[in-house]
Amino acid sequence: MEAAGLPPARHLVYTHHHWDHVWGACAWPDVEVVGHRAGARILAAEVRRPWSHQYLRGEVEANPRLGPSFRARAWAMPSWEGFAIIPPQIEFDDALTLPCGVELRHVGGRHAEDSTVVAVPDSGVLLLGDCFYPPPFHLREPDDGYAVDLIERLLDEAELGRYE
Ligand SMILES: [Zn+2]
């Protein structure tokens, strides 16, 4: 960011609480983390887990459905030094506008109860996180699929000019 002439980041937004979206936050010590209240509650509990490769193995033995997710976590973590789960320091319920104008809006849905979309002002960009992503295969139920109702709501808002 410095090389690109950009100002330092001030906020880091969680689009939802899943590990592949939040475990990197500890590499950003000088930002305020922003997230939905439901995800903050979940992450407050995740902070208390004794994360290690041994812990991940034990959890998979106790619950094989966790295997794909927990094995991926193990592969992603060659070392646990300096690792910490950072719960949001700024929480919101329905919507929040950051000082820079970026708008956050809770949409929920099947993928994660705290799914949030992020609108970047004057850019035509709406970041969706994983909000319309179906559950991973190992956690799917027979009637799971894309959250078409959520996509339709977002498209309706685009037609109303809220997002491009
Ligand atoms: Zn996810």
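The values are calculated or read from the model by the stated rules, or taken from the named source; none is laboratory data. As the structure is a computational prediction, the values presented were derived from the model and not from experiment. Because the Cβ atoms are built from the backbone with ideal geometry, glycine has one as well, and the counts that use them run over all protein chains shown.
Output the residues belonging to segment 41-94 that are among the aliphatic types (A, V, I, L, M), surrounded by fewer than 14 Cβ atoms within 10 Å (Cβ to Cβ) and over 20 Å from Arg140 (Cα atoms).
Step one: list which residues in segment 41-94 are among the aliphatic types (A, V, I, L, M), which gives 42-45, 47, 56, 60, 62, 66, 72, 74, 76-77, 84-86, 90.
With surrounded by fewer than 14 Cβ atoms within 10 Å (Cβ to Cβ) added as a condition, the list becomes 44-45, 47, 62, 76, 84.
Within segment 41-94, Ala44, Ala45, Val47, Ala76, Ala84 qualify.
Pull up segment 87-130, narrow it to residues that are more than 16 Å from the ligand (Cβ to nearest atom), polar (S, T, N, Q) and assigned to a loop (DSSP other than H, G, I, E, B), then point me to the one that is farthest from Arg153 (Cα to Cα).
Gln89
Confirm whether Leu104 is modelled with pLDDT under 90, closer than 19 Å to His21 by Cα and among the aliphatic types (A, V, I, L, M). Break it down stepwise before answering.
Details: modelled with pLDDT under 90: no; closer than 19 Å to His21 by Cα: yes; among the aliphatic types (A, V, I, L, M): yes.
It is false that Leu104 is modelled with pLDDT under 90, closer than 19 Å to His21 by Cα and among the aliphatic types (A, V, I, L, M).
Determine the pairs where a residue that is farther than 16 Å from Val13 by Cα, located within segment 104-128, has a partner that is within 11 Å of the ligand (Cβ to nearest atom) and of a type in the set (Lys, Arg) with Cβ atoms under 9 Å apart, the partner being 6 or more residues away or on another chain.
Note: no pairs meet the criteria.
Which numbered condition in (1) closer than 24 Å to Arg162 by Cβ; (2) not in a loop (DSSP other than H, G, I, E, B) is the only one that Trp75 fails?
(1)
Return yes when Gly5 is more than 15 Å from Arg105 (Cβ to Cβ), exposed (fewer than 14 other Cβ atoms within 10 Å of the Cβ) and within 16 Å of the ligand (Cβ to nearest atom) and no when it is not. Working first, answer last.
Working: more than 15 Å from Arg105 (Cβ to Cβ): yes; exposed (fewer than 14 other Cβ atoms within 10 Å of the Cβ): yes; within 16 Å of the ligand (Cβ to nearest atom): no.
No; evaluated as a whole, the condition is false for this residue.
Inside segment 135-148, can you point out the residues that are surrounded by fewer than 17 Cβ atoms within 10 Å (Cβ to Cβ) and either over 19 Å from Val22 (Cα atoms) or more than 11 Å from the ligand (Cβ to nearest atom) (or both)? I'd like the intermediate steps shown before the answer.
Step one: of segment 135-148, the residues surrounded by fewer than 17 Cβ atoms within 10 Å (Cβ to Cβ) are 135-146, 148.
If the condition is that a residue be surrounded by fewer than 17 Cβ atoms within 10 Å (Cβ to Cβ) and either over 19 Å from Val22 (Cα atoms) or more than 11 Å from the ligand (Cβ to nearest atom) (or both), then Phe137, His138, Leu139, Arg140, Glu141, Pro142, Asp143, Asp144, Gly145, Tyr146, Val148 are the ones that fit.
Quick one: which residue in Arg49, Arg41 is without any contact (Cβ under 8 Å) to a residue 60 or more places away in the chain and within 14 Å of the chain's Cα centre (by Cα)?
Working: Arg49 fails: within 14 Å of the chain's Cα centre (by Cα).
So the residue among Arg49, Arg41 that is without any contact (Cβ under 8 Å) to a residue 60 or more places away in the chain and within 14 Å of the chain's Cα centre (by Cα) is Arg41.
For residues that are acidic (Asp, Glu) and part of a helix (DSSP H, G or I), tally how many sit in segment 4-40.
Applying the first criterion (acidic (Asp, Glu)) to segment 4-40 yields 20, 30, 32.
Filter once more, so that each one left must be part of a helix (DSSP H, G or I): 20.
Number satisfying all stated conditions: 1.
Condition test on Leu43, is it part of a helix (DSSP H, G or I), within 16 Å of the ligand (Cβ to nearest atom), modelled with pLDDT under 95 and not acidic (Asp, Glu)?
On the way: part of a helix (DSSP H, G or I): yes; within 16 Å of the ligand (Cβ to nearest atom): yes; modelled with pLDDT under 95: no; not acidic (Asp, Glu): yes.
In short, no.
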